[in-house]
Amino acid sequence: MKNTESEFLYLVGDIVDGWRIKRSWWWPQEHNDVIQKILRKARKGTKVFFIPGNHDEFARNYVSNDFGKVKFRRDMIHKTLDGKKFLVIHGDECDGVMIYARWIAIIGDYAYTLALSMNTWLNRARLMMGLSYWSLSAYLKNRAKNAVKFINNYEDAIITLAQKRGADGVICGHIHHANIKEIDGFIYCNDGDWVESCTALVEHFDGKMEILRWTEIQGLPPLEYIDIKKNV
């Protein structure tokens, strides 16, 4: 947030973990810092859109409203500079577990929170040993056959949804698995997440999509990435 500027900023859901707040209030100063940086970007002219996800679904009651120059929307159509139309959506609408077995999703959220906690301590130890960042839960997801099958089914479902909306591509999140791939001319883009995989999706001024991986660029001098001007 400190080191990138953009014309548009899409917050593709799960920005506030409402599920965790329901269990027990948890809002450290760092959360206020993030909100303030987002609002500051909006004040300085960045067009900021917040598309609530399943974790901050309480905000879906306020879609079509603007707060502090941040526009709350259920989904969006974004037109890239090379003329393509992308459906921008969180993506839980295409998650069969969320639709038909929400209780499983809630149990999974507890497991994911535990994995994040373990991941934090693991990477503190790796840092002390001079090793680079490594994602525990991403490793587990990529090794588990059922998780891989779920990701593939999710991608197929959200691509079908976007095609029905007349889009040339889709920009989504939800499953925390950053990826860009083209299937029969259709472009699937998942921005991953900020918390664990530390990724964001950007559009260059020629319309090309790219995943920024913060763990790969954080060692660069600030001026080498502070001027990365992106459209999204």
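The values are calculated or read from the model by the stated rules, or taken from the named source; none is laboratory data. Please read these numbers as outputs of a predicted model, since none were measured by experiment. Reconstructed Cβ throughout: ideal geometry from the backbone, glycine too, with neighbour counts over all protein chains shown.
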When you look at Val97, is it at pLDDT below 95 and in contact with a helix residue (DSSP H, G or I) (Cβ under 6 Å, 6 or more places away or on another chain), yes or no?
yes
Taking region 1-14 and keeping residues out of contact with any strand residue (DSSP E or B) (no Cβ under 7 Å at 6 or more places or on another chain) and surrounded by 15 or more Cβ atoms within 10 Å (Cβ to Cβ) leaves Asn3, Gly13, Asp14
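Quick one: which of Phe50, Phe58 is under 25 Å from Val170 (Cα atoms), of a type in the set (Phe, Trp, Tyr) and at pLDDT below 95?
On the way: Phe50 fails: at pLDDT below 95.
Going through Phe50, Phe58 in turn, the sole match is Phe58.
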Being under 16 Å from the mean Cα position of the chain (by Cα) and of a type outside the set (S, T, N, Q) narrows Arg74, Arg60 down to just Arg74
Scanning region 172-210 for residues that are of a type in the set (Phe, Trp, Tyr) and part of a strand (DSSP E or B), the one surrounded by the most Cβ atoms within 10 Å (Cβ to Cβ) turns out to be Tyr188
Against the conditions (1) under 23 Å from Ile159 (Cβ atoms); (2) among the small types (Gly, Ala, Ser); (3) within 18 Å of the chain's Cα centre (by Cα), where does Gly83 fall short? Just the number, please.
(3)
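I need the full set of residues from region 61-79 which are part of a strand (DSSP E or B) and under 14 Å from Cys172 (Cβ atoms), in order please.
Once the filter is applied, which keeps residues that are part of a strand (DSSP E or B) and under 14 Å from Cys172 (Cβ atoms), region 61-79 yields Met76, Ile77, His78.
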Among the residues of region 67-97, write down those that are within 14 Å of Leu11 (Cβ to Cβ) and surrounded by 14 or more Cβ atoms within 10 Å (Cβ to Cβ).
Lys69, Val70, Lys71, Phe72, Arg73, Asp75, Met76, His78, Val88, Ile89, His90, Gly91
